[in-house]
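See structure below.
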Ligand code: ADP
Ligand code: MG
């Protein structure tokens, strides 16, 4: 994966999040403050615009640019969390112009670690971690089993979809939703839903 492909990922993620912004906001209306789709659309649009202006030359520079834009433009809890995730992923990639499937796995794991370090969410707390964590494991298992990039990113996206579904019976224990206690049971977590979109975008651009 080169910088062009990483930019295509961000463009596709932006398209998916913008197209599904109302749905994400609707999910956040049920257990939060009805701004997640608006927040993330704003952040990703800003990221995509900055990428168009600056055209970073390496995958790491693309992800670092996205991380900065998300932190400064997204808002909400999700802005710093996603921003930190992209910056942590960027760090693992360094200056390499081309990223292997193994390196991408390390980047995804670093993104998860960054989110968990900042937000202190455990799996099962009904957050974006519940989509990303199974995705990272599925990706890793696929690569360890000899899968190509396309199959590994598809496995990650599919695991995230399952992780999102698994948030429905959970009670939120982190973020704004946690204030609603048991009333959060029976709903998908909005951040887990946006993580699914971002990983589906990755599977799309790396798919054969
Ligand atoms: P806010 O809650 O500030 O309005 P958003 O609506 O943009 O921010 O994002 C809400 C999402 O952020 C939640 O659905 C959840 O997935 C995620 N989130 C909130 N707090 C945490 C946390 N501490 N760790 C991981 N994810 C979190
Ligand atoms: Mg919100």
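The values are calculated or read from the model by the stated rules, or taken from the named source; none is laboratory data. Just so it is clear, the structure is predicted and the values come from calculations on it, not from any experiment. Heads up, the Cβs are rebuilt from the backbone with ideal geometry, glycines too, and the neighbour counts pull from every protein chain shown.
When you scan the range 163-208, how many residues do you find that are farther than 22 Å from residue 33 by Cβ and surrounded by 15 or more Cβ atoms within 10 Å (Cβ to Cβ)?
Summing the residues that are farther than 22 Å from residue 33 by Cβ and surrounded by 15 or more Cβ atoms within 10 Å (Cβ to Cβ) in the range 163-208 gives 10.
Can you report the number of residues in the range 54-67 which are out of contact with any strand residue (DSSP E or B) (no Cβ under 9 Å at 6 or more places or on another chain) and either part of a loop (DSSP other than H, G, I, E, B) or surrounded by fewer than 17 Cβ atoms within 10 Å (Cβ to Cβ) (or both)?
Number satisfying all stated conditions: 4.
Here is a list: 175, 186. Which entry is more than 19 Å from residue 13 (Cβ to Cβ) and away from ligand 1 (no atom under 14 Å from the Cβ)? Full working, then the answer.
Values: 175 fails: away from ligand 1 (no atom under 14 Å from the Cβ).
From the options 175, 186, the qualifying one is 186.
Would you confirm, using the coordinates I've provided, whether residue 76 is within 16 Å of ligand 2 (Cβ to nearest atom), modelled with pLDDT under 95 and either in contact with a helix residue (DSSP H, G or I) (Cβ under 7 Å, 6 or more places away or on another chain) or part of a loop (DSSP other than H, G, I, E, B) (or both)?
yes
When you go through 118, 70, 51, 44 one by one, which is the residue that is surrounded by fewer than 23 Cβ atoms within 10 Å (Cβ to Cβ), under 17 Å from the mean Cα position of the chain (by Cα) and either within 16 Å of ligand 1 (Cβ to nearest atom) or in a helix (DSSP H, G or I) (or both)?
118
Here are some conditions: (1) surrounded by fewer than 21 Cβ atoms within 10 Å (Cβ to Cβ); (2) closer than 20 Å to residue 24 by Cα. Residue 145 meets all but one. Which one does it not meet?
(2)
If I ask for residues that are under 28 Å from residue 183 (Cα atoms) and not in a helix (DSSP H, G or I), which ones from the range 2-31 would you list?
Selection gives 20 alone.
If a residue has to be away from ligand 2 (no atom under 16 Å from the Cβ) and closer than 19 Å to residue 85 by Cβ to count, how many in the range 19-45 make the cut?
Number satisfying all stated conditions: 1.
Could you figure out which of (1) surrounded by fewer than 24 Cβ atoms within 10 Å (Cβ to Cβ); (2) not in a loop (DSSP other than H, G, I, E, B) isn't true of residue 34?
(2)
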